[in-house]
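Single-structure report; data block below.
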Amino acid sequence: VFNSTELKDTHYIYSHSYNKVEFLRSDSNVGKYVGFREFGMKNAERWNNDPHVLSWRRAQKEMFCHHNSEVWYRKVLLRSVKPSVRLHPTAPPGGHHPAMLVCSVYDFYPKQI
């Protein structure tokens with residue numbers, strides 16, 4: 001998760017799932033593995049007690065996230081797509097106003113207008 005090319009702003013999450021259920025997660029903001037369910041908790045305890053595993057995961061944040069955030073930020077986040085807009089009149093519910101315009105906006109990026 002990132003909002004800029006600054007590595008300090010990057011939140012690195014590495015997750016393990018089985019049958020679409022997450023059982024283990026490494027979160028750079030937490031700094032260690034967190035287990036869910038018995039199997040994940042046992043693995044988290046084992047990996048958190050191994051300094052090589054923890055340092056390798058921290059290195060992954062720097063090697064993978066920093067490089068890719070620069071690429072993605074430049075190629076994706078700095079670009080925008082013009083929206084397509086459709087205006088159409090409609091009858092208001094309850095008939096309190098004589099006319100109402102509905103503005104619908106589609107297919108744009110970034111999502112904020």
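The values are calculated or read from the model by the stated rules, or taken from the named source; none is laboratory data. The shown structure was predicted, so the numbers you read here are calculated from the model rather than taken from an experiment. Reconstructed Cβ throughout: ideal geometry from the backbone, glycine too, with neighbour counts over all protein chains shown.
Name the helices (runs of 4 or more DSSP H) wholly inside region 10-113 in which the number of residues that are at pLDDT 90 or above is 2 or more. Give the steps one after another, and end with the answer.
On the way: elements: 37-48, 51-60, 67-72.
In region 10-113, 37-48, 51-60 are the helices (runs of 4 or more DSSP H) which contain 2 or more residues that are at pLDDT 90 or above.
Please work out which residue is nearest to Asp9 (Cα to Cα), limiting yourself to region 19-66 and to residues that are among the hydroxyl-bearing types (Ser, Thr, Tyr) and within 23 Å of the chain's Cα centre (by Cα). Before you say what the answer is, go through the steps one by one.
So the first thing to find is which residues in region 19-66 are among the hydroxyl-bearing types (Ser, Thr, Tyr), and the list is 26, 28, 33, 55.
Of the ones still in play, those that are also within 23 Å of the chain's Cα centre (by Cα) are 26, 28, 33.
Values: Ser26: 17, Ser28: 11, Tyr33: 20 Å.
Applying the filter and picking the extreme gives Ser28.
Being of a type outside the set (A, V, I, L, M), without any contact (Cβ under 8 Å) to a residue 12 or more places away in the chain and within 30 Å of Tyr106 (Cα to Cα) is the requirement here; does Pro92 meet it?
yes
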